[in-house]
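The values are calculated or read from the model by the stated rules, or taken from the named source; none is laboratory data. Since the model is a prediction, treat every value here as computed from it, not as a measurement. Using ideal geometry, Cβ is built from the backbone for each residue, glycine included, and neighbour counts are taken over all protein chains shown. What goes into the accessible areas is simple: the full protein's heavy atoms, side chains included, and nothing from ligands, DNA or RNA. Shrake-Rupley method; radii C 1.70, N 1.55, O 1.52, S 1.80 Å.
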Amino acid sequence: MFGYYLKKALRLIGSQKGFSLVNIGGLAIGIACCILILLWVSDELSYDRFHEKIDDIYVVYFEQQATRGTRSFHDSSPFPLAAVLKDDCSDVKAAARISTHERILVTFGEKSFTEDVILAADPAALEIFTFDLIKGDPSTALSHNNSIVVTESTGRKYFGDEEPVGKELMIDNAIPLTVAGVIRDLPSNSSFKFAAIVPFAGVHGAAATATDNWGGNPLMTFVLLDAAADPAEVEGKLNGILDKYAPRNPTIKRALHLQPAARMRLHDYQGGGTIIYVYIFAAISALILVVACVNYINLGMARAPARAREIAIRKVAGAAKRDLVRQFFMESVVHAFLALLVALILIELALPAFNRITGKELTLISLFRTGIMPAVIIAALLTVLVSGGYPAVFLSAFKPARIIRGDVITGTGNSTARRIMVVFQFSISTALICSTMAISRQMDFMLGGNVGYDAANMIYIPMNESLKGKYESFREELASNRNILGVTAGCQNPQAVTSTSQVSWEGMPSSDEIVMNWDFVDYGYIETFRMKVTSGRSFSREHASDLADACVINETAAAVMGMTEPLGKWIDTWFGRKIVIGVIADHHYESYRNEIRPFIMSLNPGWNNYVFARLDPGAAGPALDFIREAWVRFCPDQPFEYATFASFQETLYGSERRLSLLMKYFAFLAVFISCLGLSAHVAVAVRRRTKEICIRKILGASVPGLLLMIKKEMMILVAVSNLIAWPAAWLFIDRWLQNYAYRAPSGPGIYIASGLLALAVAVSVSSVQTIRAATARPVKALKYE
């Protein structure tokens, strides 16, 4: 019996090639989109799960809030914290400090490369994390300050097929380190990306062993808790340790917290983070699959009139309802199986482009390696049950008498259900279009918005230790070129200033204190970035005291401190007492996700890490050539590297850009699938009204009038879908925009535009069939009837 139903289903597909292609193709596109998104979601959720003890690993982070000012969270922690935790807290099995060092020059003989990331870590890091040492002893590999542990690929890059252990690498042409171990290359779903690990104490020197240095420091502390430990109780002990060794200021609220290391990538410390994109895409995958299933049902019901005669004959011949249900379910199973095969082919073709957009390295094999395939099979079975169930029950319920009377053939029995499904499909599609427009608008707002300074035609060059000693000469060399309009330096990237300091100020109430973000800059910084000075002046070499005593604050800092006349007032910071010489207009020194907070800048040449240069837009090429030549003269042993602020914005807003681009593609596919269902609905509606069209033409109706009559119902359905889609889209957009302190101007424009776009698409899709019906000769219609 199974073979009979299978053979009949295959024969039906062969006899209705066009319909089967559309039906299976729509389902295949939906399944392919769903699987692609699930691959991405699965990869995001799998990050760091390869660490054997990941469920017991936590990162310590610091919360700080002054009596006035925003809360700030930092993953930095004091130098002594790890050692104290291990000694004072029995629930902590191991603790390790890790700091990240970027753009490090590594040399072996004639080979020299600039490594993107090298980690400095305590020996306990190899106990906490599953960094698989294939050569060397994990218990001693980081015990000596002059040792280094490299990854497999790093070892091959420098030593080829030679034995790496025992070889000597030179760091920044100054520090010789001996290879003590080789780590198996980490998988792509690792939050840690590095070329090598060096001993923490060897990098940070005496500061690493200081027991009284409890100030904020650029290092992360990871702890491995006992499996039976309660993280909440450990947090309480953490803060007890902080109070014991670093007494708190009563005006500053501070606390140490634990965050599971498995949540490090997707969750920020305030409950948000990129996990929202995982939720968004998981929802999109489900919606697209639902749209595909509804489209399958719609197409199946649209074929009801064509199959009515077959059903009537089989029933008259004695076929029971269950036999017909089995047949239709078998057809659905075959369609779903073929759609799954086609979907796998589409995925294989789409994966290269998908990986370029998402920055992933996904393959079709990932379906089996990540355990997604069982979920895909279950989803396919559910698709069969959902998308095949209703047509099977509906078609098998036809009465032969009704078929002979013509009720089913005209389609009156299922028109309401088809309308509901068309509205459902277009509601989802319109909501996706509207959401995509909102995300694109926010992206344009962030990338093209006024950040408070002019970053166009600006480049920044990382400074190495060699250049820091020659910076003034290098600056003068660059400034002598007429194609370079400005040269300055600074401690941090002006688009990512994260350092904070508690401050007090002249006239401060005794119970008041705030936290400010700070940056060290060079002379000419404000002028080179074309920041606006609203009162006072900028730093100047003509004022010798500026180097030691001066500071410039932003408008928010002046407002928070209550200074109506801030010039000449003193401010105490961790880097000393400073006198306010100027106030600059607020600028975005972090992403648009964060509010502009109080900010202070001061001169401190020893802390400069970047050279900033403004290039003449009409001669950027010659200017870069000149900078490169100057670099070779000043740092012949170091490769020249630079970046534009536009490239940093890509890093800053990369997740939003990828979300925007992917949503555009998936919204298009959802609309395409919905159009298939709409096309089927229009075809049935035209067929049902063939006689009416014929009579109206004979009575003198015009073609435009007939087109409006035929499309009127379709336009009403799309209008209803808009009314459903807009509130749903508004809820999503409003929730998503809460991630940003600064948002693109809102208004009804995107909702109206998405509705008009959906209507235009629907009208275009239905035009071919409606024009054909409206322009057909009446004699053909009468012959059909």
I'd like the Karplus ³J(HN,Hα) series for segment 656-664: coefficients 6.51, -1.76, 1.60, θ = phi - 60°, whole numbers in Hz, and an x wherever there's a Gly or Pro.
5, 5, 5, 4, 4, 5, 5, 5, 4
Partners for LYS468 among aspartates and glutamates (Cα-Cα distance below 14 Å; same-chain residues under 8 apart left out):
ASP172, GLU476, ASP522
Relative contact order for segment 522-594: what is it in percent, counting Cα pairs under 8 Å that are at least 6 residues apart?
38
Rel. contact order, % - alpha carbon contacts under 8 angstrom, at least six apart, segment 137-254
26
Inter-site label distance for LEU45 and ARG593 at 7 Å from Cα along Cβ, in nm:
2.1
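Once you have the Cα-Cα distance between LYS111 and ALA619, take 0.36 nm times their residue separation minus that, and quote the gain in nm to one decimal.
Here the answer is 179.5 nm.
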Could you go through segment 347-357 in sequence order and give the Karplus-derived ³J(HN,Hα) for each residue, using 6.51 cos²θ - 1.76 cosθ + 1.60 with θ = phi - 60°, rounded to whole Hz, and x for Gly and Pro?
4, 4, 6, 8, 4, x, 5, 4, 5, 5, 5
Return the aspartates and glutamates within reach of LYS53: Cα separation strictly under 12 angstrom, same-chain partners fewer than 8 residues apart disregarded; answer none if there are no such residues.
GLU127, ASP226
Grab the Cα-Cα distance for GLU506 and LEU708, subtract it from 0.36 nm times how many residues apart they are, and report the gain in nm with one decimal.
65.2 nm
Beta carbons within 10 angstrom, averaged per residue: use that to sort the peptides 255-266, 140-151, 468-479, highest first.
140-151, 255-266, 468-479
FRET efficiency for ASP734 and PHE368, Cβ-Cβ distance as r, R0 = 45 Å, nearest 0.05?
0.70
Please list 741-747, 607-613, 516-522 highest first by mean number of surrounding beta-carbon atoms within 10 Å per residue.
516-522, 607-613, 741-747
What per residue convex hull volume, in Å³, do the alpha-carbon atoms of segment 509-570 yield?
107
Antiparallel content of DSSP bridges confined to segment 130-261, in %, to 5:
60
Expected field for GLU629, accessible surface area in Å² at 1.4 Å probe radius, rounded to 10, holds 110
Taking the alpha-carbon distance from LYS360 and a cut-off under 19 Å, which aspartates and glutamates remain once sequence neighbours fewer than 8 residues away in the same chain are dropped?
ASP43, GLU44, ASP48, ASP116, ASP185, GLU348, GLU650, GLU656
Hand me the trypsin sites (Lys or Arg not before Pro) from segment 43-111 located in a DSSP loop with no more than 16 other Cβ atoms within 10 Å, in residue order please.
ARG49, LYS53, ARG68, ARG71
Among the listed pairs LYS193/LYS664; LYS193/LYS237; LYS93/LYS237, which have their C-alpha atoms separated by more than 26 angstrom in this model?
LYS193/LYS664; LYS193/LYS237
Low-density loop cleavage sites - trypsin sites (Lys or Arg not before Pro) in segment 477-535, where at most 11 other Cβ are within 10 Å (DSSP):
ARG482
In nm, give the distance between the simple-model label positions of ASN173 and THR534, each being 7 Å from the Cα along the Cα-to-Cβ direction.
4.6
Could you sort the peptides 574-587, 659-672 by per-residue average Cβ neighbour count (10 Å cutoff), highest mean leading?
659-672, 574-587
Karplus (6.51, -1.76, 1.60) ³J(HN,Hα), θ = phi - 60°, over segment 610-624, in Hz, Gly and Pro reported as x
9, 9, 10, 9, 9, 9, 5, x, x, 9, 5, x, x, 5, 5
Please state, as a whole number in µm²/s, the translational diffusion coefficient that the Stokes-Einstein equation yields for segment 445-486 at 25 °C and 0.890 mPa s, with Rh defined as the Kirkwood radius across alpha carbon pairs.
193
